[in-house]
Amino acid sequence: MLDSYGLLAFLGAEPGHERVHELLRSSSAGRADLYLCLINYGEVLYIIEREKGLTETLLAIAAIDQLPLEVVPADRELTFAAAHTKARFPLAYADCFAVALAQKLEAAVLTGGPEFRKVSHLVDVDWLPPIDAGA
């Protein structure tokens, strides 16, 4: 499953985008299921709008909605699981939703976010290379 880091890497052709593209191809071919929590989708959108503006955000929505992945809403069960993770670990709230969904689906989180090291004992992490913020 993707978190915002993986999706942003893909959309921005950042380091690791090839790995995300590979998983999207597998999903499209029916060889893998790929998921994204709606909260993490929202995180991607606010980051793009903050950095590039509303027009780029609308283009990103159009692109993301065409990807072969299932966007999973944050229902009561998922929200409570994310809250439980947030109470125990110093992790961004949106990242807690990725953790909660990965636990629910028994899936790995595809990310490069270093904060996931704090919870790598809770979920499998498929590590992407770091995005160079200075590039």
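Brief remarks on what is shown
- The single condition among (1) within 14 Å of the chain's Cα centre (by Cα); (2) in a loop (DSSP other than H, G, I, E, B) that E14 does not satisfy is (1).
- Taken over the range 27-63, residues that are touching a strand residue (DSSP E or B) at 6+ places or on another chain (Cβ under 8 Å) and not in a helix (DSSP H, G or I) amount to 5.
To keep it simple, each residue is scored yes or no on (1) surrounded by 14 or more Cβ atoms within 10 Å (Cβ to Cβ); (2) under 18 Å from V125 (Cβ atoms).
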site: P15; (1), (2): yes, yes
site: L24; (1), (2): yes, no
site: G42; (1), (2): yes, no
site: Y46; (1), (2): no, no
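- Scan the range 121-135 for residues that are at pLDDT 95 or above and exposed (fewer than 14 other Cβ atoms within 10 Å of the Cβ) and the total you get is 2.
- Residue check, V99 surrounded by 14 or more Cβ atoms within 10 Å (Cβ to Cβ), among the β-branched types (V, I, T), under 22 Å from Y46 (Cα atoms) and touching a Ser or Thr at 6+ places or on another chain (Cβ under 8 Å): yes
- Residues that are under 12 Å from the mean Cα position of the chain (by Cα) and of a type in the set (D, E, K, R), drawn from the range 82-122: D95
- Residue within the range 52-64 that is out of contact with any Phe, Trp or Tyr (no Cβ under 7 Å at 6 or more places or on another chain), farther than 16 Å from L8 by Cα and touching a residue at least 24 places away in the same chain (Cβ under 8 Å) present: no
The values are calculated or read from the model by the stated rules, or taken from the named source; none is laboratory data. Every value quoted in this text rests on a predicted model; they were computed, and no experiment measured them. A quick note on method: Cβ atoms are made from the backbone with ideal geometry, for glycine too, and the neighbour counts reach across all protein chains shown.
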